[in-house]
Every structure is written in C-alpha cells, then in structure tokens.
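Participant: Take this structure first; my questions come after.
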Amino acid sequence: MQTSGTAFPDSPFNGIAFTGCAMQAAASPSPGGPSSHAHDHAGARRREVVVNGTRIRTVDIHAHCAVPAAMALVKHPLEAPGLLMTDTSVRLAAMDAQGIDVEALSINPFWYRAERDVAAELIELQNEALAEFCHENPERFVGFATAALQHPDLAAQQVEHAVRQLGFRGVGVGGSVAGLELADPKFHPFWAKCEELGVLVFLHPQGTRELEPSGRLGGSGLLTNTIGNPLETTIALSHLIFEGTLDRFPGLKICAAHGGGFLPSYANRSDAVIRTFPNRVGPLPKKNPTAYLRDGQLFFDTIVFTPEALRHLIAETGAGQIMIGTDYPFPWTSTEVDLVLNTPGLSNDERIAILGGTAAKLLGL
Ligand SMILES: [Zn+2]
C-alpha cells in the first residue's frame with residue numbers, strides 16, 4: 001500500500017479529501033466579506049461563541065468520521081453518509097450553526113478482530129489519511145489516531161508512530177476489545193505507551209454486544225445503542241478503576257463518551273460496595289472509586305442532554321473534567337454550546353474550559 005506524501009486525488013485516501021469548495025470555506029473568509037466569521041455555509045451563519053465579552057474557540061471532543069479505503073480492507077459497511085469527508089460542506093454548516101470551531105475526529109473501531117497484517121495495513125492507511133486531512137484543515141479539525149488494540153504491542157507502535165511521525169495528540173479506543181476488557185493486563189503495553197507519550201485517549205463504546213444474543217436489548221427503543229452504549233462505557237470505566245489500571249498508569253488521561261455512561265450518575269454505589277461487602281470486593285484500588293472521576297485521569301463529554309444532568313455530572317467530576325461533544329453526524333444533539341451556557345452554577349472560566357479550553361490544552365491546539 002502506498003502511503004507517502006500527497007494523497008490527492010488518486011490515492012487510497014481520497015475518500016477523506018476536502019473538495020475545493022469546502023476547503024475554501026474552511027480556510028478563509030471571502031475577501032470583502034463583512035467579517036472573518038460571517039460567511040455562509042448552505043445558508044447558515046457561523047455562530048461565534050462569546051463568554052464574558054470574549055470570543056472563544058470551541059472544541060467538540062466527540063465527532064465521527066470514516067476512511068472508506070480502510071473500511072474496504074475488512075469489508076466494513078459505511079454506517080452513515082455523514083461520516084464521509086469527501087464533501088464537508090454539510091458538516092461545516094452544522095459546525096457553524098452550532099458554534100463549533102474545531103471538531104476532534106474519531107473513528108469507531110471496526111478492526112478489533114482483524115489479523116495482525118491486515119490490522120497493520122488498515123491502521124497505517126487510516127491514520128495517514130486522517131492526519132493528512134487534519135493537517136490540511138487545522139483551523140477546523142484535529143484527529144484521534146486509531147490503533148489495533150487486539151495486538152497490544154503493535155498498537156503501542158502505532159500510537160508512537162502516530163504521535164511522533166504524524167503529529168497526533170490523541171488516540172481513540174472502543175469500550176472493549178473483541179470481548180476483552182480494556183483493563184485486561186494484555187493491554188498494559190498500550191496504556192504504558194499512551195501514558196509515556198501523554199496522549200489523550202478517547203473511549204467510545206460500541207454497545208454491550210455480549211448481551212445482544214440474549215435478546216434482552218431487543219424490541220423497541222434501540223436499546224443496543226440507547227442503553228447498550230453507555231452500559232459498555234460504565235463497565236469499561238469500572239474495570240479500569242477496580243482492576244487498578246488507573247493506579248498503574250497515573251499519567252493516563254481518558255475521555256469517556258456520553259458523559260461517562262451511567263457511572264457518574266451512580267458512582268457512589270462503587271464506594272458503598274467497599275463498605276458493604278469488604279470481604280468480596282478486593283483487591284482494591286488505591287482510592288475510593290468516586291475519586292477517580294475527579295482526580296485528573298478521567299474526562300467526560302457533555303452528551304447528557306439537560307442542564308440538570310450536566311450540573312450533576314459536573315458535581316461528581318468537577319468542571320475541569322468536562323468537554324463538549326456532539327456525536328456528529330449522529331443527530332443526538334445540536335445544542336451543546338447552549339447546554340453549557342445554560343447549566344447553572346458555572347463560572348465564566350469553567351464555561352470557557354468546557355467549551356474548548358480543556359480540550360485545547362489536552363490536544364495541544
Ligand atoms: Zn459517538
């Protein structure tokens with residue numbers, strides 16, 4: 001597979017290339033336009049987010065994309081047309097309308113059962129395509145690298161290459177890896193490398209697949225996603241805490257999707273079980289489980305839908321652990337900026353941190 005240099009227009013990466021129109025719209029205002037942020041995309045004006053009189057840069061930590069050439073290697077189907085980056089005009093219009101200045105792009109893992117050679121080729125191609133796309137459009141996009149966690153030593157190499165050669169500052173992972181928990185000791189080499197390189201890990205669930213054959217997530221409500229996704233995140237984070245993974249790698253920084261699933265809304269039960277069944281819970285982590293939510297290793301996006309839910313999440317984690325997320329192109333929400341502006345009890349500095357300041361720091365923007 002050719003992986004060098006310029007990828008336009010005939011390379012395997014062309015599925016992620018900007019069109020000229022979208023590139024121009026993203027890169028610069030039209031000369032003579034009323035202001036640098038006033039041009040239109042599909043009729044929508046770009047919303048400038050202002051806090052306390054200051055225009056701030058907003059960063060969406062949870063946005064999806066796809067690299068078709070990588071999916072083709074394992075015949076993975078395209079989940080939604082909006083994942084494609086060939087024409088980003090609709091995406092940019094949505095970002096502009098919602099007041100999102102920068103999207104941190106991630107790719108949900110579909111390669112965790114691939115053999116080593118296929119996984120190596122897939123990740124190389126995918127990371128190079130994503131890196132090139134983001135480098136071409138640094139004002140609007142930053143990427144999370146991908147890695148083949150099912151081969152942990154390879155995954156560690158992939159992260160190292162992604163950071164040192166391709167310029168990534170983050171890496172995405174699923175909520176489990178082909179049936180194994182992220183806390184499994186098998187993945188220690190991967191976590192060690194993430195800690196060593198100081199990359200932000202974005203943890204995104206893919207449902208609780210082990211429950212699906214039972215039928216308990218069937219029926220109405222798309223429960224495989226509605227509760228299956230946050231449930232997987234809840235399980236993954238609980239194991240990372242209780243199995244001592246976060247103790248073993250104290251420099252690790254993980255941002256969990258969907259507000260951390262159900263964990264932050266019921267984390268006190270994880271403390272309570274230690275008092276309730278002291279002879280059945282060990283070996284124990286160094287701190288009470290709730291402490292891990294707020295001590296700097298775990299971060300959470302804002303996809304919890306209401307100011308009251310976000311207020312509670314912040315009460316459990318602290319405002320410094322929260323970053324806005326939209327889940328684009330999946331239309332779960334289009335109002336994350338207003339959610340943060342409308343959540344009670346936040347200082348201006350806290351709103352600025354949630355809207356983009358914390359993400360900018362973690363991703364080196
Ligand atoms: Zn998502």
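Participant: Counting only DSSP beta bridges with both residues in the chain, tell me the antiparallel percent, nearest 5. Provide the component values of the computation, followed by the final result.
Facilitator: Values: 6 of 28 bridges.
So the antiparallel bridges in the chain amount to around 20 percent.
Participant: Within the chain, which DSSP H helices have Cα atoms that stretch 27 Å or more along the helix axis and a mean Kyte-Doolittle hydropathy of at least -0.5?
Facilitator: Numbers: long enough: 116-136 (30 Å, -0.15).
Flagged H segments are 116-136.
Participant: So, one more: Given 10 Å bins starting at zero, what is the percent of C-alpha pairs of the chain in each, up to the one with the largest pair distance?
Facilitator: Taking all Cα pairs of the chain, the binned fractions are 5, 24, 34, 25, 9, 2, 0, 0 percent.
Participant: To make sure I understand, if each residue's beta carbon is the centre and we count other beta carbons within 10 Å, what order do Met323, Met85 fall in, fewest to most? Present the calculation step by step, with values, prior to reporting the outcome.
Facilitator: Details: Met323 30, Met85 24.
Fewest-to-most ranking of Met323, Met85: Met85, Met323.
Participant: On to the next question. Springs between alpha-carbon pairs under 10 angstrom, Gaussian network model over the chain: which of Arg45, Arg280, Arg55 fluctuates most?
Facilitator: Among Arg45, Arg280, Arg55, the largest mean-square fluctuation in the Gaussian network model of the chain belongs to Arg280.
Participant: Oh, and also: Report the label-to-label distance for Leu180 and Asp349 in nanometres (one decimal), using points 7 Å from each Cα along the Cα→Cβ vector.
Facilitator: Simple spin-label model gives 4.3 nm for this pair.
Participant: Sticking with this structure for a sec: Would you calculate the separation in nanometres between label points at His239 and Arg269, each defined as 7 Å from the Cα along the Cα-to-beta-carbon direction?
Facilitator: Distance between the two pseudo-spin positions: 1.9 nm.
Participant: Quick one: what does P(r) look like for segment 44-93 with 5 Å bins over all Cα pairs, in whole %?
Facilitator: 4, 15, 18, 19, 15, 10, 8, 6, 3, 1
Participant: Here's a follow-up. In a GNM of the chain with a 10 Å cut-off on Cα contacts, which of Ser265, Ser214, Ser334 has the highest mean-square fluctuation?
Facilitator: Residue with maximal mean-square fluctuation among Ser265, Ser214, Ser334: Ser214.
Participant: Rounded if a/c is under 1.5, else prolate if a/b is larger than b/c, else oblate: which is segment 109-236, with a ≥ b ≥ c the root eigenvalues of its Cα gyration tensor?
Facilitator: Details: a/c = 2.05, a/b = 1.60, b/c = 1.28.
It is prolate, given that a/c is not under 1.5 and a/b is the larger ratio.
Participant: Related question: Excluding same-chain residues fewer than 8 positions from Lys186, which lysines have a Cα within less than 20 Å of its Cα?
Facilitator: Candidates past the 8-residue exclusion: Lys253.
Participant: Quick one: net charge around Thr343, please, counting Lys, Arg +1 and Asp, Glu -1 for every other residue with C-beta under 12 Å from its C-beta. Could the numbers behind the result be given before it?
Facilitator: Numbers: positive: Arg311, Arg351; negative: Glu308, Glu336, Asp338, Glu350.
Local net charge: -2.
Participant: Normalised by the residues of the chain, what does the relative contact order come to in percent, with Cα pairs under 8 Å and at least six apart?
Facilitator: Details: 666 pairs, mean separation 59.1, N = 365.
Relative contact order of the chain: 16 percent.
Participant: Rounded, prolate or oblate: pick one for segment 233-365, where a ≥ b ≥ c are the square roots of the eigenvalues of its C-alpha gyration tensor, a/c under 1.5 means rounded, and failing that, prolate if a/b is larger than b/c, else oblate. Let's see the in-between values first.
Facilitator: On the way: a/c = 2.05, a/b = 1.75, b/c = 1.17.
In terms of gyration-tensor shape, prolate.
Participant: A follow-up question, please. Classify segment 186-295: rounded, prolate or oblate, from the alpha-carbon gyration tensor (a ≥ b ≥ c, eigenvalue square roots; a/c under 1.5 rounded; otherwise prolate if a/b is larger than b/c)?
Facilitator: On the way: a/c = 1.99, a/b = 1.28, b/c = 1.55.
Oblate is the answer for segment 186-295, as a/c is 1.5 or above yet b/c matches or exceeds a/b.
Participant: Going by average Cβ density within 10 Å per residue, which order do the peptides 66-79, 104-117 take, highest to lowest?
Facilitator: Numbers: 66-79: 16.8, 104-117: 19.0.
Top to bottom by mean Cβ count within 10 Å: 104-117, 66-79.
Bear in mind these aren't lab numbers, they're just calculated from the coordinates by the rules spelled out. All values derive from a computational prediction rather than experimental measurement. Here Cβ is always computed from backbone atoms with ideal geometry, including for glycine, and neighbour counts include all displayed protein chains.
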